[in-house]
1. Once the Cβ-Cβ distance between residue A:443 and residue A:658 is put in as r, and R0 is 45 Å, what FRET efficiency do you end up with, to the nearest 0.05?
2. Give me the log10 of I(q) over I(0) for segment A:57-133 at q = 0.16, 0.23, 0.24 Å⁻¹, as the Debye formula computes it from C-alpha points; what are the numbers?
3. Based only on other Cβ atoms within 10 Å, what is the fewest-to-most ordering of A:355, A:636, A:490?
4. Using the Kirkwood formula on the Cα atoms of segment A:10-144, what hydrodynamic radius do you get, in angstrom to one decimal?
5. What distance in nm lies between label points placed 7 Å from Cα along the C-beta direction at residue B:27 and residue B:156?
6. Binning at 5 angstrom from zero up to the longest distance, how are the C-alpha pair distances of segment A:57-214 distributed in percent?
7. So how do A:705-715, A:687-697 stack up, highest first, on mean other-Cβ count within 10 Å?
8. With label points built 7 Å along Cα→Cβ from the Cα atoms of residue A:191 and residue B:96, find their separation and express it in nm.
């Protein structure tokens, strides 16, 4: 809106006006009032002008009417007198006989009696008798011409003056002349006429040809006068016809009145209106300024308050009135309070767990951060990271509502036993506790565990959960919340790894271990793709057959930098990260592929990790490995561990049966360790039981060991299962095992695990017949 | 050894004008002897009018004015050739007046303003008045040029007359159509 050429000051002024409501309102009101005043001034002036014009018009038409009446009265009077004289016999005789003295004396006496200005006789040939004063020839001819044409009344001009003329023919009986009576009709007489009118219309008799330019003759009365500008004065002219004696020289009555003069009479009214208008504008400006100020002040206050609120401060405005502004202020205050309420709620939600109402991770971090900064020298505080054991199975089997109720109960218990501690829920089944060093961290940890352990009745279910705890002590175990929490987590991880239901303090080595694990994880990820994995095969020697009957495939990892990585080091990592699935698949395929090069009576055994076993894809992976290699299913033996039975017996059995349906053999590995239960043997017909190496080692040292082996082999053969002894390292062990009826042996005594090529060599394929061991 | 003048008097609009008196004065001179006209010299007042309206009489003729109305009349003339007044004569009363000067004499009645009559006193035997069709005939005119005066009481001209100069043959009729300007109304 601001034009580019506006000077700077003007632009600033415009901006300030635009940005101030009170100024704007004042300008609008003042503008409206000025327009209204101008309109009323204009309207009044126009109305006055119209009124003046119509008055003048009316007066003019009245005037010309009066003029007509008066002149016609005169004409009639003159004509009557003339007719009387023209009919007089003696006068006729005098005219007929050209008796000028008699004529003149008669005219003179009549002139005096009738108060005529002129009285004379015109004879039929245009000669005039009895006229006092002179008449020019042309005027005489004009007069005669009119009379000769039969015109007997009208205005005629001679001797530089207009005259009202009435003529009467003198007949004897033929026309012998005219009696002409005349009265002067000059300015003086017109002035007398003008005195009859309310306003001086300055009547003039004007030859029609001499009318002012543009002024037309009005034939009828009441017609509008014509306005002409004469010497900068607006003058209304009205011209009406008057009877002229000679039609060739028509005359008009010209009336004029100055509209400017007329308007000037009304000027005081206009000045008064203008004056009132000015006063009104001043009042409007001051009034609207005051109203605007009153309106704007609370708005400004609101605006200030709103600024404060947006800056995060609390602000309220005073409610001064009960009008809309007051209501706005009220609403504003309510809004501010509501916003603050909501902010408090949001803030609470942002820093608290919705389920238990405990602090959340963010608040925990905040809390730790505060405590760290406030921590006095030599003082400590501990961060406990809790993870409930078996919570997942509660959630899965009993449903989330039960899980949630459980979490709430745990939360309540923690708050009860640790009233002075800061407790947070980090999500899922993870909790955190921050405690000072009023009592030892171990005591606190034990207190927590004993609080969690008692059975909990939720939704009618009796649930037992335990907890693992990792502890990090500030400031030694972490200078900031992130580090402290990470270390407490590491400690928790360790605690879980050590077996559920315990607590561990963070140790510096844990951090190093964790890093090493992460590196191993990364490398393992690449190992499969880079072909760093390799299978070695350890023979299983059939004692009754007296030959190698199978090979167990064992995974080897040759890392370009680490060298040979032991399975005990990387298999757990693979299991945790899930890498065990692709690795396990590779092992199966590779083992099947290699075994196809072997004689048909030699099987291959592959270890199946519990993770792999639980994956739903195992069946199809086995089937694919068999199909793609072409290995006969009966030659593949899957080794599973007892630990599978701990979690879910039913599911494990179902999986085993479906594997068996593929035609593969299933062996129970590491039998005798862990949760060995004879019921497993009854529930699933394993093809083979592999007796754990610990029993074999004991054979030569402990007396009872042989009895155990004996009972296992007896049990197995009674159930129709083969037995394999692992870890056989010397001939004595072999002898005992053979005695006790063990079917196969495996161990260094016979052979370490060997590469694929060595297997072929051992079997004598392509070189020599297989060496037979006695 | 004489020709005739056959004239038709019309106004400017071509309408016939009656009561126009034509007098002819041959250059050869007038014949001697008393002048007399066949229509006599009587002007009757009848039905508040002069009858005939226009009467041609020779100089020296005595015109009789019989009153055949029941009302009285007051005949007057202010005309130069004969100024006279014959007052208040009653029914069947006859007065006369001798006209001794040639010229037009306008007769009026002082009692009845609308009554108007004319006596044209002529000093030539060659005179005639146009009839209702504006036609007139003057016979026995000597050959040669002649001054012909056309008079009509309503003619717009000085002394209500115009003068023509015509030539007449030895025999035969000279046809002449004379337009004159008439006064309107009066």
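All of the numbers you see were taken from the coordinates with simple rules; none came from a lab. Given the structure is predicted, the values throughout are model-derived calculations rather than measurements. Reconstructed Cβ throughout: ideal geometry from the backbone, glycine too, with neighbour counts over all protein chains shown.
1. Plugging the Cβ-Cβ distance into 1/(1 + (r/R0)^6) gives 0.35.
2. Each listed q maps to, in turn, -0.65, -1.06, -1.12.
3. Sorted ascending by nearby Cβ count, the order is A:355, A:490, A:636.
4. Result for segment A:10-144, one decimal place: 21.8 Å.
5. In this crude spin-label approximation the distance works out to 3.3 nm.
6. Going from the shortest bin to the longest, the percentages are 2, 9, 18, 20, 19, 13, 8, 6, 3, 2, 0.
7. Values: A:705-715: 16.7, A:687-697: 20.5.
Peptide ranking by packing, descending: A:687-697, A:705-715.
8. 7.0
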